[in-house]
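Read the structure below first, then the notes.
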Amino acid sequence: MMLESIDVTENLRWPEMETSKSCVLSPMEKPVSPSQLHLEHISSGILKDLFNNATNSYNTLLQKESDAQENPKHSTGPKRVSTATHRERHLPSLAPLSMSGLAFGCRDTRHAQSVFSCFSTSNSKQTNSITVLGSSIRLSPCPISKPKNSCPARTKLPQLPRALSTARDGENSLKKLCILTAIKPFNVEKEKARFFKSDFKNNPQFEYSNPLPPQVLAKYNNASDRFLTQAVRIMELALQKYGSYEKFEQATGGNLLTKSRIGSHVKKYMEKEGCTGEIVVHLTDDLLSRASMTVVNGRPTLTINISTAREQWLEGMLRHEIGTHYFRGINNSRQPWSSIAGRKKHGLRPINPTEEGLASIHSVLFRKDPILWRAALLYYTVYQASHMSFSQLFHDLRRFVHDPNTRWDYCVRAKRGQTDTTLPGCFCKDQVYLDGILKILRHREKIDFQLLMALGKVSYEDVERLKGLALMDHVRIPHFLQDQAHYTEQLHKIMEVNQLTDAELSTLI
């Protein structure tokens, strides 16, 4: 099916320059204790296109692996996580963390900690952003007086090695350019201003730095209506109960969190999962999605959109990005199918829609009202975009979302890749979320979810035949999957709240 071959990302905008080298945090002359770390005030700090430079889908990793082998000098894709830090390992010391020449060495490791640093770009238009660096938990103290080599082990942070590659497919035209980079318009803000000024009538004319050939775009202009009825029903249920999306958002998501509270929640979640210190965290308000798990300079990096970070939704987002994407990536790196050659050898199916479906389920897991609103709206928007102009789509979405800025974002996601949005057309990857959710729920009684996590980036359809080949030492299982009975109850609740039945799904799938 078309959806199963799509490279998935939550990013729409991509940086025009390397941003990690600009740091406005005053450098410290010597190591400090956790109690001495603090956030510095930034009066007009800002961030434009700080982070959107990779994808959170392993499909894109696999696509770029082939380029790294054939022409390593020109390979620009994200790299694959190679090793995991065992969560139960006791680490005697914390190695200094270097961020573009600014190193933080914390020898007093008796308490788990986070290092906050603030980044900005040279762009004239800037937005506030902070970076959170976690450190390893359960560390044995290393006395300052002892020489550096007296500590036999150090915190080893996950790195992404050069990919081992063979050609993924025959699409040579895509080898040197990630499709998701190519379909990012560079004049989004200009066209948004023009569209709003025209009272939402003038269809945007998007421009691209490296436009894709029409025949390539045509492959992704293939929206499905398979689950359209379910998507509309899910949204109508929410509207019946809450009156509007905005009221649903406030009632189920709660208030927006401040940066300090976001940092605190992220730190606690990392401690809960035993991965403190492994992931760099950026906070920004310039991300189209709610969050994105990517790789920057060889480090796993989580970017969180502070404009959508709500108190009751944040942990679901962390389960999606860290508990699912990151842990499955770490586990995958240990398996015989971690490379392109390995996947071909073992005949693995595409990881989507399983990857994004599983992550999307984890986003709403344990919510009091786990309505699958976002996945349903993305699915619906893509289908409608394939039959409507941008302006028509924008007005059509008012049926479900009143806020013009929110509708604009959804329309841009569905129409990206197009130049003249007067014409019908879509980029259909956003249908993969609901597609994956429903397929997993359909087979939930047969899927071993702990095994699905442990095997890495594999489809639920491949689990049974691969389990005998898997390397199970030191696999990472998120805390919310430890109690499988409770997990199964939550899946049933998701079915019930969204009025999904096994009979209906059996007919569709």
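What the table below lists for this structure:
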| read-out | value |
| --- | --- |
| First in segment 447-469 and closer than 12 Å to Arg343 by Cβ and touching a residue at least 12 places away in the same chain (Cβ under 8 Å), second anywhere and small (Gly, Ala, Ser) and not in a loop (DSSP other than H, G, I, E, B), Cβ under 9 Å, 6 or more apart | Gly456/Gly329; Lys457/Gly329 |
| Segments classed as helices (runs of 4 or more DSSP H), wholly inside segment 405-509, with at least 1 members that are open to solvent by 10 Å² or more (accessible area, probe 1.4 Å) and among the small types (Gly, Ala, Ser) | 484-497, 502-508 |
| Lys267 being modelled with pLDDT of 95 or more and buried (at least 18 other Cβ atoms within 10 Å of the Cβ) | yes |
| Any hit, segment 239-247, residues being within 29 Å of Thr419 (Cβ to Cβ) and touching a residue at least 40 places away in the same chain (Cβ under 8 Å) | no |
| Boolean, Thr258 is under 22 Å from the mean Cα position of the chain (by Cα) and either among the polar types (S, T, N, Q) or open to solvent by 10 Å² or more (accessible area, probe 1.4 Å) (or both) | yes |
| Members of segment 386-404 that are open to solvent by 50 Å² or more (accessible area, probe 1.4 Å) and either closer than 15 Å to Glu249 by Cβ or touching a Leu at 6+ places or on another chain (Cβ under 6 Å) (or both) | His402, Asp403 |
| Within segment 320-377, considering residues that are of a type in the set (A, V, I, L, M, F, W, C) and in contact with a His (Cβ under 7 Å, 6 or more places away or on another chain), the one farthest from Phe248 (Cα to Cα) | Trp337 |
| Count of segment 363-385 residues which are in contact with a Gly (Cβ under 8 Å, 6 or more places away or on another chain) and either part of a loop (DSSP other than H, G, I, E, B) or surrounded by fewer than 24 Cβ atoms within 10 Å (Cβ to Cβ) (or both) | 3 |
| Sole residue being touching an Asp or Glu at 6+ places or on another chain (Cβ under 6 Å) and among the polar types (S, T, N, Q), chosen from Ser338, Ser363, Ser292 | Ser292 |
| Selection status of Met317, part of a loop (DSSP other than H, G, I, E, B) and buried (at least 20 other Cβ atoms within 10 Å of the Cβ) | no |
| Residue list for segment 472-509, restricted to those being touching a residue at least 60 places away in the same chain (Cβ under 8 Å) and farther than 18 Å from Ile437 by Cα | Asp473, His474, Val475, Arg476, Ile477, Pro478, His479 |
| Pairs where the first residue, in segment 203-219, is on the phi < 0 side of the Ramachandran plot and the second is aliphatic (A, V, I, L, M), C-beta under 6 Å, 6+ apart | Asn210/Leu177; Asn210/Ala182; Leu212/Ala182 |
| Flag if Pro404 is in contact with a His (Cβ under 9 Å, 6 or more places away or on another chain), touching a residue at least 12 places away in the same chain (Cβ under 8 Å) and under 22 Å from Gln205 (Cβ atoms) | no |
| Any hit, segment 331-350, residues being within 15 Å of Ser292 (Cα to Cα), touching a residue at least 12 places away in the same chain (Cβ under 8 Å) and assigned to a helix (DSSP H, G or I) | no |
| Identity of the residue in segment 209-229, in contact with a helix residue (DSSP H, G or I) (Cβ under 7 Å, 6 or more places away or on another chain) and at pLDDT 95 or above, that ends up surrounded by the fewest Cβ atoms within 10 Å (Cβ to Cβ) | Asp225 |
| Meets criteria (out of contact with any strand residue (DSSP E or B) (no Cβ under 6 Å at 6 or more places or on another chain), part of a loop (DSSP other than H, G, I, E, B), open to solvent by 30 Å² or more (accessible area, probe 1.4 Å) and at pLDDT below 95) for Ser289 | no |
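The rows are residues; the columns are (1) of a type in the set (Ser, Thr, Tyr); (2) over 21 Å from the mean Cα position of the chain (by Cα).
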site	(1), (2)
Cys428	no, no
Ile437	no, no
Met453	no, no
Leu469	no, yes
Leu481	no, no
Gln484	no, yes
Leu491	no, yes
Thr507	yes, yes
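The values are calculated or read from the model by the stated rules, or taken from the named source; none is laboratory data. This one's a predicted model, so the numbers in the text were calculated from it and none came from an experiment. Cβ sites come from the backbone with ideal geometry, for glycine too, and all protein chains shown count toward neighbours. All accessible areas refer to the heavy atoms of the entire protein, side chains included, with ligands and DNA or RNA removed. Shrake-Rupley method; radii C 1.70, N 1.55, O 1.52, S 1.80 Å.
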